[in-house]
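Novice: Handing you a structure now.
The values are calculated or read from the model by the stated rules, or taken from the named source; none is laboratory data. In this text, all values refer to a predicted model and were calculated from it rather than measured experimentally. Cβ sites come from the backbone with ideal geometry, for glycine too, and all protein chains shown count toward neighbours. The protein model used for the area step is the full one, side chains on, heavy atoms only, and it has no ligands, DNA or RNA in it. Shrake-Rupley method; radii C 1.70, N 1.55, O 1.52, S 1.80 Å.
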Amino acid sequence: MTEAGIIRPDVHIEVHVKSQSTAKRSEVRTHVLSLLDRHSSVLRSFKWTEFDDEFLTKNVESVTIGDEAGPKLVDLKVHNLCIHVFPLNDDSPSTLTLEEEEELSAANHWLLPAAEFHGIWESLIYEEGIKTQLLDYVSTTIFFSDKNVDSNLIAWNRVVLLHGKTIKACLYTHSQFVEINSHSLFSKWFSESGKLVTKMFQKIQELIDDKDALVFVLIDEVESLTAARSASQAGTEPSDAIRVVNSVLTQLDQIKRHTNVVILTTSNVTQKIDLAFVDRADIKQYIGPPSASAIFNIYLSCLEELMKRQIIYPRQQLLSLEELGTMNFMESDVTHLSLSLRNIAQKSVGLSGRALRKIPFLAHALFGKTNTMTVESFLKAMGHAVDKQRQELASLVNCV
């Protein structure tokens with residue numbers, strides 16, 4: 001807050017330090033502030049990987065403006081700079097097991113921030129606001145917990161449901177991430193599945209007991225554990241499923257009392273999820289197939305990477321949708337290539353995010369005549385790759 005009492009908005013600065021660095025975080029922070037002080041404004045999501053400061057060159061991999069939303073040009077002088085200094089954990093995930101005799105692998109466990117996940121968040125492109133909303137939810141959860149807000153008066157369950165066809169934590173010394181293998185919690189023995197769910201959450205409880213750690217728990221395909229009890233009662237689901245649902249709901253009610261845990265869940269078939277579980281989710285965010293504008297930005301990031309690696313050469317400027325909009329999407333020598341990319345994006349609508357990220361690879365593999373291609377020839381290859389992908393999907397549908 002300034003002297004005049006005006007609230008200064010936060011801008012998050014992510015500082016990735018080298019794994020071999022022994023520098024104190026306070027030292028790193030001082031040098032980063034000096035770097036930022038030499039720039040009055042920077043582009044949103046801008047990343048420094050080269051420095052004229054010997055200390056930063058020795059100790060820091062990158063400095064990134066980490067904000068997802070807001071103006072494209074960030075004025076550093078009018079923002080409150082939140083600097084997050086972190087190394088990446090290179091360790092492979094450990095396995096959480098439940099049955100000593102059978103060594104039942106029920107979950108994978110990572111210490112965060114993990115090198116395995118680095119860069120994934122930035123590569124995800126959704127409709128405007130989705131990522132910001134999820135970050136704001138986690139930030140508010142941490143903030144309310146830090147302020148000891150009475151959850152009996154202000155209710156939140158620390159549960160997020162992400163459904164559809166397809167973090168910043170400053171108050172804790174470290175973070176952990178657990179991905180539950182839902183299918184492993186169904187026992188071959190009748191009535192044992194509910195007990196396995198309880199055992200799984202007991203393992204998570206051991207992690208939560210470390211109050212200096214922020215624990216994220218991901219339950220992928222949550223419908224496996226929360227199949228609607230109405231289906232079980234109607235005889236379309238085994239009665240053991242009722243015990244599993246009841247166990248999950250009981251464990252969620254118990255775990256929400258802890259301030260250092262967030263439950264993330266995903267589902268592709270939300271109609272099968274028990275309504276009592278849906279009611280417990282604070283956010284029910286639909287993640288649909290990428291829109292034409294999101295696809296354009298996905299392809300644009302792919303082409304930028306290929307130009308950086310000189311697989312596409314020579315480098316040519318591609319305009320953003322905002323820049324094309326200022327030119328009324330009129331065809332010219334300046335806009336020609338970008339408009340071609342926009343046309344490819346429009347005919348790619350309906351493809352999944354996973355399929356879209358494969359298009360540039362398939363374009364080069366199947367339609368690239370040389371190792372190095374121009375932007376124009378690569379765009380033509382991408383158009384052919386999209387057509388082929390659609391033909392293959394149509395053939396699969398017709399075979400079913």
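Novice: Please specify each residue of the stretch 77-132 satisfying the condition of being hydrophobic (A, V, I, L, M, F, W, C), over 30 Å from HIS183 (Cβ atoms) and assigned to a strand (DSSP E or B).
Specialist: Scanning the stretch 77-132 gives LEU81, CYS82, ILE83, VAL85, PHE86.
Novice: Restricting attention to the stretch 365-376, which residues are in contact with a helix residue (DSSP H, G or I) (Cβ under 7 Å, 6 or more places away or on another chain), open to solvent by less than 80 Å² (accessible area, probe 1.4 Å) and part of a helix (DSSP H, G or I)?
Specialist: Those that are in contact with a helix residue (DSSP H, G or I) (Cβ under 7 Å, 6 or more places away or on another chain), open to solvent by less than 80 Å² (accessible area, probe 1.4 Å) and part of a helix (DSSP H, G or I): PHE367, VAL375.
Novice: Across the stretch 138-147, what is the total count of residues that are open to solvent by 30 Å² or more (accessible area, probe 1.4 Å) and either within 17 Å of VAL215 (Cβ to Cβ) or assigned to a helix (DSSP H, G or I) (or both)?
Specialist: Count: 5.
Novice: Moving on to the next point. Which of the residues belonging to the stretch 34-61 are touching a strand residue (DSSP E or B) at 6+ places or on another chain (Cβ under 7 Å) and aliphatic (A, V, I, L, M)?
Specialist: Once the filter is applied, which keeps residues that are touching a strand residue (DSSP E or B) at 6+ places or on another chain (Cβ under 7 Å) and aliphatic (A, V, I, L, M), the stretch 34-61 yields LEU35, LEU36, VAL42, LEU43, VAL60.
Novice: Mind checking which pairs have a first residue in the stretch 324-337 that is farther than 18 Å from SER377 by Cβ and aromatic (Phe, Trp, Tyr) and a second that is at pLDDT 95 or above and surrounded by 14 or more Cβ atoms within 10 Å (Cβ to Cβ), Cβ under 7 Å, 6 or more apart or different chains?
Specialist: Short answer, once both residue conditions are applied: PHE329/LEU339.
Novice: What's the number of the condition ASP210 fails, among (1) in a loop (DSSP other than H, G, I, E, B); (2) at pLDDT below 90?
Specialist: (2)
Novice: What about VAL386, is it among the hydrophobic types (A, V, I, L, M, F, W, C), over 18 Å from GLY288 (Cα atoms) and in contact with a strand residue (DSSP E or B) (Cβ under 7 Å, 6 or more places away or on another chain)?
Specialist: no
Novice: Okay, next question. Looking at the stretch 322-340, which of its residues are part of a helix (DSSP H, G or I), farther than 21 Å from ILE359 by Cα and open to solvent by less than 20 Å² (accessible area, probe 1.4 Å)?
Specialist: LEU324
Novice: Suppose we filter LEU379, LEU319 for residues that are crowded, with 16+ Cβ neighbours inside 10 Å and outside any helix (DSSP H, G or I); which single one remains?
Specialist: LEU319
Novice: OK, next. Can you tell me which residue among ASN343, ASN297 is closer than 25 Å to LYS131 by Cβ, polar (S, T, N, Q), in a helix (DSSP H, G or I) and open to solvent by 10 Å² or more (accessible area, probe 1.4 Å)? Steps first, answer last, please.
Specialist: Numbers: ASN343 fails: closer than 25 Å to LYS131 by Cβ.
The conditions single out ASN297.
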